[in-house]
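Chemist: What follows is a single structure, and I will ask about it in a moment.
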Amino acid sequence: MLRPLVLAAALSLAACAGIPRHDSVRVGESQAQVRDRLGAPAAERKLAGGNLAWYYPTGPSGFETWRVVYAPGGVVSEYAQVLTPANFGWLREGANREAALDRLGPPMQRMGFWRTATDTWTYRWLDGTFEMIADAVFDAGSGELKYVGIFRDPAYSSMPSGFR
């Protein structure tokens with residue numbers, strides 16, 4: 001009876017091993033070490049300075065995206081969770097699609113609106129303990145940022161039942 005429980009616990013821990021955390025990657029590690037620990041990245045980009053970045057979102061609707069930046073020698077030079085209030089503040093200052101992808105990684109959702117010739121990218125993130133949504137609206141042609149809407153995630157911000 002104990003053997004199935006031990007096996008189930010071991011499989012559960014193994015499944016969690018690939019979920020990025022603040023201590024999952026260390027500066028100086030190789031690409032092979034990171035891939036062994038976290039698996040294949042969800043997205044990969046060549047950054048403006050020539051460095052390679054791998055992105056690990058924590059699910060299709062997760063609140064974190066971990067970015068691993070590799071120096072030209074192929075070793076980790078930076079590892080950080082990039083869906084932060086500071087990065088959404090930076091985005092509001094006027095960016096373009098490419099810069100947003102470099103800094104924030106892939107959005108949770110992308111929608112195009114032909115009538116307004118815009119593309120909207122939606123990111124979920126945490127501002128302290130508040131679940132937030134950021135909708136970055138880009139010009140469909142030029143890719144320039146038109147505006148960013150930041151608001152509480154309605155899935156988490158409704159009033160408790162019976163509260164008036």
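The values are calculated or read from the model by the stated rules, or taken from the named source; none is laboratory data. The shown structure was predicted, so the numbers you read here are calculated from the model rather than taken from an experiment. Please note: Cβ atoms are built from the backbone with ideal geometry, for glycine as well, and neighbour counts cover all protein chains shown. These area figures cover heavy atoms from the full protein model, side chains too; ligands, DNA and RNA do not enter into them. Shrake-Rupley method; radii C 1.70, N 1.55, O 1.52, S 1.80 Å.
Chemist: Would you kindly state the longest site-free stretch of the chain, with sites defined as chymotrypsin sites (Phe, Trp or Tyr not before Pro) in a DSSP loop (not H, G, I, E, B) surrounded by at most 10 other Cβ atoms within 10 Å?
Modeler: So the longest stretch without any such site is 1-113.
Chemist: Sticking with this structure for a sec: For the chain, give the percent of accessible area contributed by carbon and sulfur heavy atoms, probe 1.4 Å, rounded to a whole number.
Modeler: Taking all protein chains in place, the chain shows 58 percent carbon and sulfur surface.
Chemist: Please express the Cα-Cα pair-distance distribution P(r) of the range 51-95 as a list of whole percents, one per 5 Å bin, running from 0 to the bin with the greatest distance.
Modeler: Bins of 5 Å from zero give 6, 21, 20, 22, 21, 9, 2 percent of pairs.
Chemist: Something else: Counting only heavy atoms of protein chains, what accessible area per residue, in Å², does the range 45-164 have with a probe of 1.4 Å? Show your work: numbers first, answer last.
Modeler: Details: 6460 Å² over 120 residues.
Solvent-accessible surface per residue comes out at 54 Å².
Chemist: Something else: With a cut-off of 8 Å between alpha carbons and a minimum separation of six or more residues, what is the relative contact order of the chain in percent?
Modeler: Relative contact order of the chain: 15 percent.
Chemist: Where in the range 65-119 are there trypsin sites (Lys or Arg not before Pro) that are in a DSSP coil and have at most 14 other Cβ atoms within 10 angstrom of their Cβ?
Modeler: Passing sites in the range 65-119 are 115.
Chemist: Shifting gears a bit: Could you tell me, in Å, what Rg and Dmax come out for the Cα atoms of the range 91-151?
Modeler: Final numbers for Rg and Dmax: 11.3, 36 Å.
Chemist: With no solvent and one point per C-alpha, what does the Debye sum give as log10 I(q)/I(0) for the chain at q = 0.17 Å⁻¹?
Modeler: Values, matching the q order: -1.05.
Chemist: Taking H placed 1.01 Å from N in the peptide plane, check which residues at least 5 places from residue 25 or on another chain put their amide H under 5 Å from its amide H.
Modeler: So residue 25 has HN proximity to no qualifying residue.
Chemist: Under the Karplus relation 6.51 cos²θ - 1.76 cosθ + 1.60, θ = phi - 60°, what is the ordered set of whole-Hz ³J(HN,Hα) values for the range 20-31, x standing for Gly and Pro?
Modeler: For the range 20-31, the Karplus curve yields x, 9, 4, 10, 6, 9, 10, 4, x, 6, 8, 4 Hz.
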